[in-house]
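Below: the structure, in structure tokens.
Bear in mind these aren't lab numbers, they're just calculated from the coordinates by the rules spelled out. This structure is a prediction, so every number in the text was calculated from the model and none was measured. So basically every Cβ, Gly included, is an ideal-geometry build from the backbone, and we count neighbours across all protein chains shown.
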């Protein structure tokens with residue numbers, strides 16, 4: 001009897017494992033995501049260009065806009 005119960009428990013455990021497999025989520029970017037990402041890159045480039053010219057107000061604003069706002073939003077939004 002002990003072996004039969006053990007085999008039954010193993011079979012039940014295997015069924016639960018098959019039921020609880022993790023499904024892969026496909027990440028797909030569309031035109032909106034790519035355009036926001038491009039805007040973030042452009043903002044960063046303009047920020048570094050203005051920083052090299054000595055701007056102490058415009059450069060940080062553009063860099064924060066690119067790094068902290070636009071690029072993360074382009075990744076998060078579906």
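Of note:
- Globularity index of region 24-78, i.e. its alpha-carbon radius of gyration over 2.2 N^0.38 Å: 1.31
- Cβ-derived FRET efficiency at R0 30 Å, residue 51 paired with residue 73, nearest 0.05: 0.85
- The simple spin-label model puts a point 7 Å past each Cα toward its Cβ; for residue 15 and residue 35 those points are separated by 5.2 nm.
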